[in-house]
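Here's the structure we're looking at; comments come further down.
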Amino acid sequence: MIYYKTFGKQESKALVLGSSLGTSSNMWNNIVDDLAEHYFVILFDTRGHGQSQVLGLEPLSVEQFAQDVIDIVDHLNIDKFAYVGLSLGGAIGQMLAIKYPERVERLILCCTASKFGEPAFWNDRAGKVLEDGMEAILEATKSRWYNPGTAEADQFAQSLLDELLTFNPVGYANTCKAVANFDVRAQLSEIKCPTLAIAGTEDLSTPIAVMQELVNGIPNAELIAVKGAAHIGNVEKPEEFKNAILNFA
């Protein structure tokens with residue numbers, strides 16, 4: 001079973017949060033308590049990450065990750081839910097809305113894409129961690145996740161980088177391969193639920209132009225940009241991300 005944890009009252013509206021490649025559900029720790037005042041919040045560790053690491057040793061796909069979410073909400077006897085996902089978590093959200101449209105009531109896609117660049121980049125990263133360990137990607141990841149100086153000044157930001165080093169390279173590498181194979185550009189028009197996209201103006205991984213392409217493909221989707229946010233935007237701009245989620249979900 002995928003590891004998950006819940007916050008808030010179960011009779012409240014369900015809100016599922018999916019995290020990025022290289023993070024566990026701890027990525028949302030800085031805003032989850034505030035969200036739980038309004039929703040029954042479900043956080044999960046993607047296969048190959050956090051306390052779901054042991055489930056990440058086989059070939060993986062974003063479709064499998066979406067099925068994992070459905071298994072969790074079924075276990076909790078939840079029929080419909082709102083979903084928030086950042087980066088890989090956003091890819092999972094897109095797949096959920098495409099494959100299980102009757103389950104997803106509202107969708108919030110943060111710092112994500114319908115295709116994450118070229119597969120060669122992700123396959124190279126997978127090979128690097130398998131050969132040299134998680135430390136081999138630490139500095140590159142830090143520069144993508146945050147603005148310069150954030151990790152040094154913010155203990156929470158640094159804690160996510162520390163956690164990255166604890167991940168099993170095999171599970172992480174297989175998740176990289178799942179990201180490499182993810183491409184739902186031709187299926188975005190199938191997403192019918194109300195959708196909000198949140199971009200960071202300083203995001204190098206999924207810049208505003210990439211998110212605009214995503215929004216253009218989803219009927220009636222909205223896009224907002226959070227000034228000063230890099231890729232893991234909720235870490236650097238928690239109030240802006242939290243309020244955007246609360247106002248939409």
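Here's the yes/no breakdown for (1) in contact with a Leu (Cβ under 9 Å, 6 or more places away or on another chain); (2) among the aliphatic types (A, V, I, L, M); (3) under 24 Å from Ala197 (Cβ atoms):
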position: Ser19; (1), (2), (3): yes, no, yes
position: Gly48; (1), (2), (3): yes, no, no
position: Met95; (1), (2), (3): no, yes, yes
position: Lys99; (1), (2), (3): no, no, yes
position: Val104; (1), (2), (3): yes, yes, yes
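For region 225-249, the tally of residues that are surrounded by fewer than 14 Cβ atoms within 10 Å (Cβ to Cβ) and aliphatic (A, V, I, L, M) stands at 0. Hey, among the residues in region 41-57 that are modelled with pLDDT of 80 or more and part of a loop (DSSP other than H, G, I, E, B), which one's surrounded by the most Cβ atoms within 10 Å (Cβ to Cβ)? Step by step, filter region 41-57, then rank; the result is Thr46. Take the residues in region 16-31 that are among the β-branched types (Val, Ile, Thr) and in a loop (DSSP other than H, G, I, E, B), then tell me which one is farthest from Arg144 (Cα to Cα). The extreme case among them is Ile31.
Got at least one residue in region 162-171 being modelled with pLDDT of 95 or more, within 16 Å of Gly90 (Cα to Cα) and in contact with a Ser or Thr (Cβ under 7 Å, 6 or more places away or on another chain)? No: zero hits.
In region 76-83, is there at least one residue being of a type in the set (D, E, K, R), within 19 Å of Phe156 (Cβ to Cβ) and either touching a strand residue (DSSP E or B) at 6+ places or on another chain (Cβ under 8 Å) or buried (at least 17 other Cβ atoms within 10 Å of the Cβ) (or both)? Looking through region 76-83, none of the residues is of a type in the set (D, E, K, R), within 19 Å of Phe156 (Cβ to Cβ) and either touching a strand residue (DSSP E or B) at 6+ places or on another chain (Cβ under 8 Å) or buried (at least 17 other Cβ atoms within 10 Å of the Cβ) (or both).
Of the helices (runs of 4 or more DSSP H) lying entirely inside region 115-197, those containing at least 2 residues that are over 26 Å from Ala209 (Cα atoms) and touching a residue at least 24 places away in the same chain (Cβ under 8 Å) span 119-132, 155-164, 169-181.
Restrict the check to region 113-120 and report whether at least one residue is polar (S, T, N, Q), under 24 Å from Leu246 (Cβ atoms) and buried (at least 18 other Cβ atoms within 10 Å of the Cβ). Scanning region 113-120 turns up no residue that is polar (S, T, N, Q), under 24 Å from Leu246 (Cβ atoms) and buried (at least 18 other Cβ atoms within 10 Å of the Cβ).
Of the set (1) part of a loop (DSSP other than H, G, I, E, B); (2) at pLDDT 95 or above; (3) of a type outside the set (Gly, Ala, Ser), all apply to Leu60 but (2). Being within 18 Å of the chain's Cα centre (by Cα) and not in a helix (DSSP H, G or I) is true for just one of Gly85, Gly93, Gly89. Which residue is that? Checking each option against the conditions leaves just Gly85. Right, Phe7: surrounded by 21 or more Cβ atoms within 10 Å (Cβ to Cβ) and touching a residue at least 12 places away in the same chain (Cβ under 8 Å) or not? Spelling it out, it is not the case that Phe7 is surrounded by 21 or more Cβ atoms within 10 Å (Cβ to Cβ) and touching a residue at least 12 places away in the same chain (Cβ under 8 Å). Could you please give the count of residues in region 96-112 that are in a loop (DSSP other than H, G, I, E, B) and not polar (S, T, N, Q)? Residues that pass the stated criteria total 5.
In region 198-213, which residues are within 14 Å of His231 (Cα to Cα), out of contact with any strand residue (DSSP E or B) (no Cβ under 6 Å at 6 or more places or on another chain) and in contact (Cβ under 8 Å) with a residue 12 or more places away in the chain? Selection gives Glu202, Asp203, Leu204, Ser205, Thr206, Val210. Within region 10-38, being without any contact (Cβ under 8 Å) to a residue 60 or more places away in the chain, of a type outside the set (Gly, Ala, Ser) and over 17 Å from Ala157 (Cα atoms) holds for Glu11, Asp33, Glu37.
The values are calculated or read from the model by the stated rules, or taken from the named source; none is laboratory data. Nothing here was measured: the structure is a model prediction, and the numbers come from that model. Virtual Cβ from ideal backbone geometry, glycine too; neighbours counted across all protein chains shown.
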